[in-house]
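Single-structure report; data block below.
Where a number appears in this text, it was derived from the coordinates with a stated rule and is not lab data. Only a predicted model underlies this, so the values are computations on that prediction, with no experimental measurement involved. All Cβ positions, glycine included, derive from the backbone under ideal geometry; neighbour counts span all protein chains shown.
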Amino acid sequence: MSTSTPKDFESRGLRKEFEQCHNCHIAKSDATKSRPVKLRECTGCHTATYCSRKCQRAHWKAHKPRCELHQKMVQTLESREERLRQRALPGPDGTYVPPRLQPRDILDEMTSWKKHFRPILFQAGFNALNIVNDPQKWISHVMLVTISRIDQAEDPRPWTRYRVNSAECVFIGDLPRRMGMGPPEMRSVVEQKCTMDEQNLRQGFKGTIAAILNITCPAVDPMIELNNVVYTAYDSSVAKGLKITDNWAQDFIDAVERMCERSQ
């Protein structure tokens, strides 16, 4: 266990450290007057960020499967929106009245959620995989997090509209049983993880924490269920600022509630 003073993983300043180029990992917090750091989104998926076109091109092989998967997810949700539109009853003036929450809104809200909670998501994952005592466990295990959208959530801050229900360490081979994955989906997850792991090792990192987010949204009829993976590379010095604890899952849930100002 580290004896160093833990960092405040709920702070706005630390979130800037986790807003990084997906290739070279330079962070917004590394910016100086002579060297500003401006991150641009991938125009295909709007989830990966890069500090330059050079980094984006260098990272394309690793990013391509995730980018294409995200685009397919968007297409699926767009088709679902069209089906909802076709079956909806017209408004008083005879025109279509869109539902308060569109399926594609879920992706936008979750992008905001991941950006806001990435530091504490990583801290939870580091503890979940027990990296301090089992440094190689990140190779074969992931953190599985179940998240649900709060019905009738109207807070203008989109990241507050979700609640973490559970978090646990899961062996990759158990994902099909735990999440109902078919062989193609499972193969895609494993291939993406291997690609990210290999790239981060080549860049000198010690390992990569993979957190699978299982997201449900009962507010949309029929209910939407999405899966998303967040990868975070780490180096040998990372444990110095982490809070190492056996009660990591409840601490993670409590931290999300506290940052959403829902804690009692």
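The figures follow:
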item: Coordinate range along principal axes, alpha carbons of the range 186-237, Å, largest first; result: 46, 26, 10
item: TRP60, TRP113, TRP159 arranged by Cβ crowding within 10 Å, fewest neighbours leading; result: TRP60, TRP159, TRP113
item: Contact order relative to length of the chain, as percent, for alpha carbon pairs under 8 angstrom and 6 or more apart; result: 20 percent
item: Cα-based shape type of the range 108-264, given that a ≥ b ≥ c are square roots of the gyration tensor eigenvalues and the cut on a/c is 1.5; result: oblate
item: Relative contact order, percent, the range 1-70 [alpha-carbon distance under 8 Å, six or more residues apart]; result: 24 percent
item: Ranked list, fewest to most other Cβ atoms within 10 Å of each Cβ, for GLU82, GLU225; result: GLU82, GLU225
item: ³J(HN,Hα) computed for each position of the range 106-120 - Karplus, 6.51 cos²θ - 1.76 cosθ + 1.60, integer Hz, glycine/proline x; result: 4, 4, 5, 5, 6, 4, 5, 4, 5, 5, 6, 9, 4, x, 6
item: Relative contact order (%) - criterion: Cα under 8 Å, at least six apart; region: the range 112-214; result: 34 percent
item: J(HN,Hα) series, the range 42-53, from Karplus relation 6.51 cos²θ - 1.76 cosθ + 1.60, nearest Hz, glycine and proline x; result: 5, 6, x, 10, 6, 10, 7, 10, 9, 8, 7, 5
item: Virtual spin-label span in nm between VAL190 and GLU41, 7 Å along Cα→Cβ; result: 3.3 nm
item: Residue-wise HN-Hα coupling along the range 55-60, computed from phi with Karplus coefficients 6.51, -1.76, 1.60 (Hz; x: Gly, Pro); result: 5, 5, 5, 5, 8, 4
item: Cα-only radius of gyration and Dmax that characterise the chain, units Å; result: 19.3, 67
item: Candidates ARG163, ARG53, ARG177, ranked by Gaussian network fluctuation over the chain, Cα under 10 Å, top entry; result: ARG177
item: FRET efficiency, 1/(1 + (r/R0)^6) with R0 45 Å, evaluated for SER34 and ASP174 via beta carbons; result: 0.35
item: Share, in percent, of DSSP beta bridges within the chain that are antiparallel, nearest 5; result: 80 percent
